[in-house]
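One structure below.
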Amino acid sequence: MLSQLRPITTEVINFVASLKFILAVGVCVVFVYFHFRYLFSSPDFLVFQARAQDFVTLVLSVILGALPFLVLGVAVSAVVATFINEKTLLRLLPKNRFGSHIVISLLGMLMPVCECGNIPLARRLMLKGFSASQAITFLLAAPIINIVTIWSTFEAFRGEPIILVSRVVAGFIIANFIGILLSYKPDQTDLLSNGFMMEMRSRNLVSQKKVDILIDTFQREFWLVFRMLVLGAVVAGLIQTIIPRDYLIGIANSQVLSILIMMLLGLIISMCSSVDAFFALSLSSIFNTGAIAAFLTFGPMIDLKILSMLKGSFKLKTLVIITFFVTMGSFITGLIINLIL
Amino acid sequence: MPKWLSFTIIALLGVYALMLQSKDQLILYINPRYLLSATLAAIFCVVIGLAGYIWLIARYKKGMLRRIKGSVVSFFKSLNLGRSKMIAIAVAILFALVTPLGFVLLVLVILIPFSNGESLLNKSLVIEFLVFCFVALGFLLPAQSLSSQAASQRSTSLNTITLNGELSATTLFSFDSDKYDVGDWIRRINANPNLRDYVGKEVNITGFVFKPNGYPTDMFLAARFLVSCCAVDARPIGLPVRLQGWDAMYTSDEWVNVSGEFQLGEVDGEQVLVIVPAANPDKTTQPARPYVY
């Protein structure tokens, strides 16, 4: 009898609790509704309504502005995933240490991919014979040094060309520095995680029809990129409509703090590099140029999504080394720009 | 995210952008130089969405409907809709129908954890929920330009703004300055900051009424938003208008045609050009292209 009573009691408690919740919120809503019903022309309500509308307009404008680049980036990424023959790439690389890394860092120009397509591609490269350090250089450079990202950054920051220049130069230097540094390690496979090592030994690559890969990759990557774009747009919209200007001016004026905050945002908001220039643009009136440049250099290389995807392929110590140098490099880039301007 | 839903969202996004462009409202969100590429991208999205459906049907044939039904059913199962949650949603939907603030309640009901610590929505679906919300809002709400509230959130100091457009030779040397709009004047004044050169010149501009903080009580800014890429980087620019008692006649965000001439005035200790209108400015409607580039 008692054992039958317990589930019913829990159900009832849940019911009452949620009913109370609904009643409480409902009462608040009704109260607010009648309060404003006679004060619909009250300044506070109109301000709230205008701000809410502005918020929606801002979010939609980020989405619409980024749309061409989003489509282009994903389309090219899908084509790359379908048609690129990694073996040919390997044969065409220069053999010496510096040459191979530099050429790899420029490969992104032919194969614009951001993290969604980047990491699977790097894994395939390693399976086909690239060394770990070479794959790492590709992973770090390809999101920045590619046509779609360069073009979208150019369009978003037409009035400030230093941002595009610093992004590309810093990306190139950091990616090659880390790759070449890691290439001095004699046992490259020590950088890779155990799970990936096992995958390397048992290669069973599923072959599919090209059409299937193309369309499937497109819809999967479109969704991955689009959802982060919307999230970023929402965050940017909230920052622009909610936070009072006085707080923000303090941040913009501080050289170091603004860089750190933008880099933190870059870590948390894992946006695809083909469209992150639009997110940065929305914050360009709040953060100084160095902070924006640091964000645009840091974000494509390291963020929570990338780290979680890399975890499966690389050892923790590899990730620590990469994260450390990317952070230092981006931070220094931001500082230099702030000092120049 | 089931594939069929993915293709639907892609197609809807394209349809939305094309809908805006067909009503000439895409211009409220992005710079005109992107209209073509945005339209092409939108068409591509619709095409891919349709191609995706065709691909799915070709792959799964009759099984497609079963798959769609299956994913919808498993989604609702994952919501763990017990009786209490269903009542909560029903009440929230009722409120949403009655008042716009009820819509906020509906969103809260979906997001906030219930007494058992779980919210209606799986945490991993929060972003998906946001995407659906904004696609829906895009279709449901009328397209709008930014309001003066957005202007007050941004700096209006003209010294921090340089317009991207170069001054064409004709604009620089023409005497048709009575046809200049707000953007033309700011470019001209940037090119030649000697304010005395402009005193007495005739001005005919259209802008929305906006009072920045710290403005004298007899002045407002006839403003427009300067947009470089899309509305998200918009900054307000404008020309000050001196009119005693203007706040009794106009409200913020109203669009006005101002005709008058330039005189020297002072705002925040800085010398600026102000427009002294010949008569009370006419109210007008928001132009089809409200922004300056």
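The values are calculated or read from the model by the stated rules, or taken from the named source; none is laboratory data. Every value quoted in this text rests on a predicted model; they were computed, and no experiment measured them. Backbone-built Cβ (ideal geometry, glycine too); neighbour counts: all protein chains shown. Ligands, DNA and RNA are stripped out before the accessible areas are found, and what is left, the full protein with its side chains, is counted by its heavy atoms. Shrake-Rupley method; radii C 1.70, N 1.55, O 1.52, S 1.80 Å.
Just wondering, is there one or more residues in the stretch A:61-82 that are away from chain B (no Cβ under 14 Å), polar (S, T, N, Q) and either under 24 Å from A:K311 (Cβ atoms) or outside any helix (DSSP H, G or I) (or both)? The answer is no, given that none of the residues of the stretch A:61-82 is away from chain B (no Cβ under 14 Å), polar (S, T, N, Q) and either under 24 Å from A:K311 (Cβ atoms) or outside any helix (DSSP H, G or I) (or both).
Identify all residues within the stretch A:145-185 that are part of a loop (DSSP other than H, G, I, E, B) and over 24 Å from A:T323 (Cβ atoms); write none if there are none. Within the stretch A:145-185, A:F157, A:R158, A:G159, A:E160 qualify.
At least 3 residues being within 27 Å of A:E221 (Cβ to Cβ) and either at pLDDT below 75 or more than 10 Å from chain A (Cβ to nearest Cβ) (or both) is the threshold, and among the helices (runs of 4 or more DSSP H) wholly inside the stretch B:18-121 those reaching it are B:35-60, B:63-78. The residues in the stretch A:310-341 that are touching a residue at least 60 places away in the same chain (Cβ under 8 Å) and either within 16 Å of A:A142 (Cα to Cα) or open to solvent by less than 30 Å² (accessible area, probe 1.4 Å) (or both) can be counted, and the count is 12.
Elements of the type helices (runs of 4 or more DSSP H) sitting completely within the stretch A:86-140 and holding at least 1 residues that are of a type in the set (S, T, Y): these cover A:86-92, A:97-106.
Residue count for the stretch A:86-105 under the criterion of being among the hydrophobic types (A, V, I, L, M, F, W, C), open to solvent by 80 Å² or more (accessible area, probe 1.4 Å) and without any contact (Cβ under 8 Å) to a residue 60 or more places away in the chain: the result is 1. Looking at the stretch A:162-181, which of its residues are out of contact with any helix residue (DSSP H, G or I) (no Cβ under 8 Å at 6 or more places or on another chain) and closer than 30 Å to B:P32 by Cβ? Within the stretch A:162-181, just A:V165 meets the criteria.
Of the numbered criteria (1) open to solvent by 20 Å² or more (accessible area, probe 1.4 Å); (2) at pLDDT 80 or above; (3) within 30 Å of B:S6 (Cα to Cα), the one B:F134 fails is (1).
One residue alone among A:F83, A:F55 is open to solvent by 10 Å² or more (accessible area, probe 1.4 Å), closer than 30 Å to A:T241 by Cβ and hydrophobic (A, V, I, L, M, F, W, C), and that residue is A:F55.
Among the numbered conditions (1) under 29 Å from A:F55 (Cα atoms); (2) open to solvent by 60 Å² or more (accessible area, probe 1.4 Å); (3) not polar (S, T, N, Q), the only one that B:P290 does not meet is (2). Within the stretch A:226-276, the set of residues being free of Cβ contacts under 8 Å to residues at least 40 places away in the same chain and not in a helix (DSSP H, G or I) comprises A:I243, A:P244, A:S254. Scanning the stretch A:241-269 for residues that are modelled with pLDDT under 80 and not acidic (D, E) returns A:I242, A:I243, A:P244, A:R245, A:Y247, A:L248, A:I249, A:G250, A:I251, A:A252, A:N253. Residues of the stretch B:20-37 that are over 16 Å from the mean Cα position of the chain (by Cα) and surrounded by 14 or more Cβ atoms within 10 Å (Cβ to Cβ): B:S37 alone. Residues in the stretch B:202-227 that are open to solvent by less than 10 Å² (accessible area, probe 1.4 Å) and among the small types (G, A, S): B:G207, B:A222, B:A223.
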